[in-house]
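The values are calculated or read from the model by the stated rules, or taken from the named source; none is laboratory data. Here the structure is a predicted model, which means the values were calculated and not measured. Every residue, glycine as well, gets a Cβ built from its backbone with ideal geometry; the counts of neighbours run over all protein chains shown. Accessible surface areas use protein heavy atoms only, side chains included; no ligands, DNA or RNA. Shrake-Rupley method; radii C 1.70, N 1.55, O 1.52, S 1.80 Å.
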Amino acid sequence: MFTNCSLGHCHIIVAVVLWSICVDSRKIRGISLSYKRFYRERKSFLCIDGSKMIPFDQVNDDYCDCMDGSDEPGTAACPTGRFYCTNLGYRSHYIPSSRVNDGICDCCDASDEYRSQTPCQNTCRNLGQRERAEVEGQTRVLGERLRLKQLLIEEGVLTWREKQAQLRDLQRVSDDLQTQLDDLRKEEARRKEEADALREREIGARETADNSPTSHYRPESPISVFKELDSNRDGSITVDEVQAKLSPVQDEEHALSEDEAVALLGGAHRVDLSRFEETLWTSLRTGDSVTIKGRRGVPGSLADEDPNIKAAVSAAEKASADLKRVEDAYETVYMEIRDLREKLSIDYGSEREFLFLHDQCFQLKVYEYIYELCPFSQVTQKSASGEVVSLGKWGSWAGPPENPYCQMRYESGEPCWQGPTRNTMVMLICGTETALRSVKEPSKCQYVMELQTPVSCQPALRQRGVHSEL
Amino acid sequence: MGPLLVLWLAGCLSGTWAVDRGNFKTCDQSAFCKRQRALKPGQSPYRALLETLELTNTKLTLQLINDNNKVRLLLELYRLQGNMTRVKINELKPLKPRFEVPDVLINDPPTEPLSLLSRDENGVVLSLGADSQRLIVSAKPFRLDIMEGREVLLSLNSRGLLAFEHLRIRKDTCQEVMSLSLSHSKVDPEGTENKEETEAANEPAEGEEEAKEDEKVEDGMWEETFKSHTDSKPNGPSSISLDFSLPGVENVYGIPEHADSLKLKATDGGDPYRLFNLDVFQYEVFNPMALYGAIPVMLSHSAQRTMGIFWLNAAETWVDISSNTAGKTVFGQMLDYVQGSSETPQTDVRWISESGIIDVFIMLGPTPTDVFSQYASLTGTQAFPPLSALAYHQCRWNYNDQEDVAAVDQGFDDHDIPYDFIWLDIEHTDGKRYFTWDPHKFPQPKDMLQGLLDKRRKMVTIVDPHIKVDSSYKIHNEIRSKGFYVKSKDGGDYEGWCWPGNSGYPDFTNPEMRAWWASMFAYDQYEGSMENMYTWNDMNEPSVFNGPEVTMHKDALHGNWENRDLHNLYGLYVQRATAEGLIERSGGVERPFVLARAFFAGSQRYGAVWTGDNAAEWEHLKISIPMCLSLGLVGVSFCGADVGGFFKSPSTELLVRWYQTGAYQPFFRAHAHLDTPRREPWLFGPENTALIREAVRQRYALLPYWYQLFYHAHHSGQPVMRPLWVEYPQDTATFSMDDQFLLGRDLLVHPVTEEGARGVTAYLPGKGEVWFDVHTFQKHNGAQNLYIPVTISSIPVFQRGGSIISRKARVRRSSSCMEHDPYTLFVALSPKRFAQGELYIDDGHTFNFDKQKQFIHRRFSFANNALSSRNLAPGSQFTTFSWVEKIVILGASKPSKATLKTPDGKESQLEFEFDASMSVLTLRKPGVNAGLDWTVVLQ
């Protein structure tokens, strides 16, 4: 339905220059100058397609002799014929022969209704004047619009460059971060290994010491606490075990619910040592939520006691934190790059003239609805009650091959009841302001919007120029 | 789309696309149908009391008595002019008057005297005048036979299914209830027969009651519930039934509206055909369910004779058909033939109606043409539409606003496709308040109409008969204050749910209401209307979304009568009142154009009908042919189906095929549901646009022929679109044919209704006749099945050899633009080099053709190598600018010269061309005025 976008036509003829020639061919009604040579008055007339020779007085005699309709340029006799409206002072054009003498004024010079009862006025002069004034006005306006367009294109070029630079910067940052990440990963692994080794050794020593009944103090490690809580010694801590051994800090009499226990285990019903260290152990060490029944205070750690271990552990923790930080930064940069690339991959027109529309939204109220178009993103409709319905997400340019950038398609909006998904076609038209001009729903759930913007203006009019009547 | 609509559609659409059969009654769920159908053929309990016979100049009257319950009926027999018999049966003394259908017959049918031929204790024999036709009244059991010579044409009550549920007083308790007349099949236990005899004929009233046998009260006699709706039946059981036997008949047709084959099927083992005007959502094809309209007229046909039965009853009606050959295979029938089976074919028909009286018109033919004339003499003929109404109509639910209308209008011009009417569906109104305009979308309706007028085009706006209950709506307030609404059983205004939400339903049966309604179409009442704006009455069954079976409660009241009595008549009245409004607004000058969905016998007088909400499916394209053919047989010629299909979206091929078919059906309108994508003809690529353009152009070129056919239909009651058997009544091969049809006598159309078809097999009737392909001029012999290869470019259409058809070859933007254009005559010669045709011309839109005889009616004849035009209506006067542009003679031989002779004695030679390969002679520019006498002689 929307395959043709007007680029603005204008063929105003230098009519009067040709006046003298027209006079000669007046007998042959309905032909243009360029066809005059076919209608030189002779004894006979050859149909333009060469199919038939007829007596010349059968030209325009209101009977169709030629298959191509060329013998009746001035009557309605031929089904495939066409009539030339000379329209002196205005635009000349062809009309189908069927519009000759049909009671409707088609040519502004009234030449098509020479035998009907409908009185037609010659309005060409007025139309011509009006159009010329309009065209002049438009030309002025167009100049302004094209200037705006140029600005927007330049703006687009700058934005594009900016974005490209931004992308390059981000890329560089990303590369840096990548290097850092490699180093930090190694560092973290090394630190962790060191700390673990120290701990292992200390635990070994403690376990020996534990056997001594004189031991009054028992610094706790994750492993020891794990072992303490793991009543059945199956190498994992279960919800039951947590409920049996732990209680809230504030109220030791109160038992933990299953949900609370599961939460403490990081959402699992059963954890092994390493998961324990990441979940419950952390909670026990902060000591502000749960505690082991019958025990006061926060379970200590080996690090509390041994400065070597303490140093090693804190070094490992630092390395880990550093890694985390850089990972986060990398992730952020990665996302930014992805977004930017996505943005830059969109086709913004041959001169990237539509780039400036990105990140903008335009609204229009039609009856009880507010429509919003965010170019290259989405279209929505908001009802008076505040309900927002998606009328489509950015799909593609949809103009005809010769002018693809005159239509945008937004698709896969909210599904229609019992029907397909909503979609919107945005027609881009030339205008000074960039704004939504109209919204329609020609078929249910299929929307058509008009977005006017100087960027859609074409310099065509100015190039073709305007001839004035002499 | 409003929330109401969404709600309603949500309810209706959920799930599948098929009709929800559960919303509509089967015979078993309709109490009276169930009671009546339980009655099996057998000996009738009715007896004619011959001593009560009275014969006057105009009629014979006779009492009948039901020997089981002693209730007496009054039989009236009329011999009507034009070979018809009217049989009326009512209760002799009904408790209160029973409904007799008014306003359907155009007058009191003129009678002819019946004469008594013989009389004895067994019955009487009456002469029906012509053709040794006799009417035999048998007394015991009562039956009627119409005979011609020794042949029985038709019998009534021969199967004993006459049943008349008399009105009775309700007795709620069990001990003292009255009899049900239907129980006659029971053996009388107390020998009331003797008693009755003693009572004789005089005072049947009082003593008789006690004599009646024990009653039987069945469910549904005094109240009936279907789904959530309870029908109170204050008058109790009141149904009637009568059987008709048609010896020698194997084919019956008519009783529209059903989405079924042209030839009616036997209903044994299934439901009867139902006649009850209903808004059936997403109807299915090939079944006997009721649809939007009802015309209780059946035609019977055999190679010997065509007859008609017109059952004048507007209540819910069911028609059972059985046939002794229906179940037989072709082989079985052959076997019967070879073995000389004694059984002659016979079709038995039984009509059952819920209330009213038995009032039957038996149209005795004997030809199809005779039956059409007979029926037309009773109910009138097709309204003669404005010429433009026969052109192409562009509709959609909805053209959204004035800009949309202008864009579509321009689209037709840009793509050089003609159209005459653009239509506005319900969304054009201000909140579904008919006679108003949406102030935002249609702020300047007159500007819009003027824009169309400037292009000599027209518009139709919808005006439905449900009125929004809204105290700020003038139409509602006036109807309410005048008391013009239909009343509910409790006496308040009946209200139901429809497009506007809560709605009232004007009582169109009330003549004052109709006059008021008509006055609302005056230009100063219907604001924004103009003379090029016409009307569409949809939903006039009436449709009531929340009513039983989506229609009005049967106990709703139209004055003193229940909707039960006159339900099927409502739609006719709506269309009538609207058509009268359009006539009045022009001071009686202009012909109206009103399209309606619901209809009844006589609706043809008021405008056009269409086959309602069909679907974009090949089956629906196919069924459009028998549906319109069936309507044509019973008077309604102006019929069409939504081109493209209303629900769903057609494939491009289906859409093109539908345009090609619709171009050759009487009412040619494209329409589409709100939920479907746009489908104006140019939206499917240039190739399909060209195909649709060509189909529409074929229609416009043929408008002179269409117009003449409609004039003929208006004048004589002959259908425009005809089954083949109507013109070839002896050709049994045509009897069940409904995939092709004739327009008038002279064009045979075989639409392509199969997806991806490469060819069709058309039957060309008429032994010794020839047919010419209108596209190629190829000649084919009649009486053969012809395989015709088809492409997507057109459908097969043939012109009968022996006919002359006028066309206007200069197809323009609208039919009005073609008014003064010249004619091309297509003379298709018969093998005997003979041809005949007609041309009708008038101003195209006023009643002046009728009131002032302002028309031209010409007869063209080709014989003895001369083609002449002579005046068929010497009393008429009209002048036209149109002239004869070209004469194309098909099946011609090459003349040495062609001389045109005019009455002033002038002679001139015509140039011509002769195509020897196709034997086509083209005479160049005779140039004579179409209204004058002339002759062309070929030498």
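Worth pointing out:
- Chains A and B together bury roughly 2800 Å² of accessible area, counting both sides, with a 1.4 Å probe on protein heavy atoms only.
- Model label points for residue A:80 and residue A:168, set 7 angstrom from Cα along the Cα-to-Cβ axis, are 6.2 nm apart.
- Alpha-carbon centroids, region A:74-103 and region B:562-636: separation in whole Å: 41
- Backbone N within region B:659-696 under 17 Å of label point (7 Å from residue B:407 Cα along the Cβ vector): B:674-685
- Per-residue HN-Hα couplings for region B:75-83 [Karplus 6.51, -1.76, 1.60; θ = phi - 60°; Hz; x = Gly/Pro]: 9, 10, 10, 10, 9, 9, 4, x, 6
- In a reduced charge model with +1 at each Lys and Arg Cβ and -1 at each Asp and Glu Cβ, the protein assembly as shown shows a dipole moment near 5840 debye about its Cα centre.
- Across q = 0.04, 0.05, 0.07, 0.08 Å⁻¹, the protein assembly as shown modelled as identical point scatterers on its alpha-carbon atoms has Debye log10 I(q)/I(0) values of -0.38, -0.55, -0.88, -1.05, in the order of the q list.
- Built amide H within the under 5 Å cut-off of residue B:258, gap 5+: none
- Accessible area per residue was computed with a 1.4 Å probe on protein heavy atoms; residue B:523 scores about 80 Å².
- Charge dipole (the protein assembly as shown, unit charges on Cβ, about Cα centre) - positive-most of B:45, B:228, B:345: B:345
- Chain B: angle of helix B:685-701 to the longest principal axis, Cα-based, in degrees nearest 10: 80
- Take the Cβ atoms of residue A:38 and residue B:922, set R0 to 22 Å, and the FRET efficiency comes out at 0.35.
- With a 1.4 Å probe rolled over the protein heavy atoms of all chains, the accessible area of B:301, B:712 falls in the order B:712, B:301, largest first.
- Distance in nm between pseudo-label sites at residue A:339 and residue B:850 (7 Å out along the Cβ direction from Cα): 7.6
- Per-pair calculated FRET efficiency, R0 = 22 Å: residue A:282 and residue A:254 via Cβ, rounded to 0.05: 0.55
- Solvent exposure, largest accessible area first (probe 1.4 Å, DNA, RNA and ligands not counted), of B:516, B:682, B:423, B:561: B:561, B:682, B:516, B:423
- Inter-site label distance for residue B:909 and residue A:385 at 7 Å from Cα along Cβ, in nm: 8.4
- Selection from B:577, B:741, A:316, by position along the positive dipole direction of the protein assembly as shown (Cβ): B:741
- Neighbourhood charge, 10 Å Cβ-Cβ cut-off, centred on residue B:855 and excluding it, Lys, Arg +1 and Asp, Glu -1: -2
- For region B:449-517, the spherically averaged projection of the C-alpha convex hull amounts to 6.2 nm².
- Which of B:725, A:160 is most accessible, then next, and so on - probe 1.4 Å: A:160, B:725
- What separates the Cα centres of region A:387-446 and region A:42-69 is a distance of 50 Å.
- The phi torsions of region B:858-864, fed into the Karplus equation with coefficients 6.51, -1.76 and 1.60 and a -60° offset, translate into couplings of 10, 10, 9, 10, 10, 7, 6 Hz, rounded to whole numbers, with Gly and Pro shown as x.
- Overall Cα dimensions of chain B - principal axes, largest extent first, Å: 92, 69, 52
- Inter-centroid distance (Cα atoms) of region A:107-159 relative to region B:640-708, Å: 36
- Added length on full extension, which subtracts the Cα-Cα distance from 0.36 nm per residue, residue B:81 to residue B:584: 177.8 nm
- When region A:355-456 is reduced to its Cα atoms, the Kirkwood hydrodynamic radius in Å: 13.6
- Coupling constants for region B:533-548 follow from the phi torsions by the Karplus curve (6.51 cos²θ - 1.76 cosθ + 1.60, θ = phi - 60°), and in residue order they are 10, 10, 10, 10, 9, 9, 6, 8, 5, x, 8, 10, 4, 9, x, x Hz; glycine and proline get x.
- The residues packed around residue A:235, meaning those with a beta-carbon under 11 Å from its beta-carbon, carry a net charge of 0 if Lys and Arg are +1 and Asp and Glu are -1.
- Positive end of the dipole of the protein assembly as shown (Cβ unit charges, origin at the Cα centre): among A:279, B:620, B:760, the Cα lying farthest that way belongs to B:760.
- For residue B:783, the shell of other residues with beta-carbons less than 15 Å away shows a net charge of 0, using +1 for Lys and Arg and -1 for Asp and Glu.
- In the context of the full protein assembly, residue A:445 retains an accessible surface of approximately 10 Å², using a probe radius of 1.4 Å and ignoring ligands and nucleic acids.
- Ligands, DNA and RNA aside, residue B:377 has an accessible area near 50 Å² when probed at 1.4 Å.
- Rounded to the nearest 0.05, the FRET efficiency derived from the C-beta distance between residue A:416 and residue A:183 at R0 = 35 Å is 0.05.
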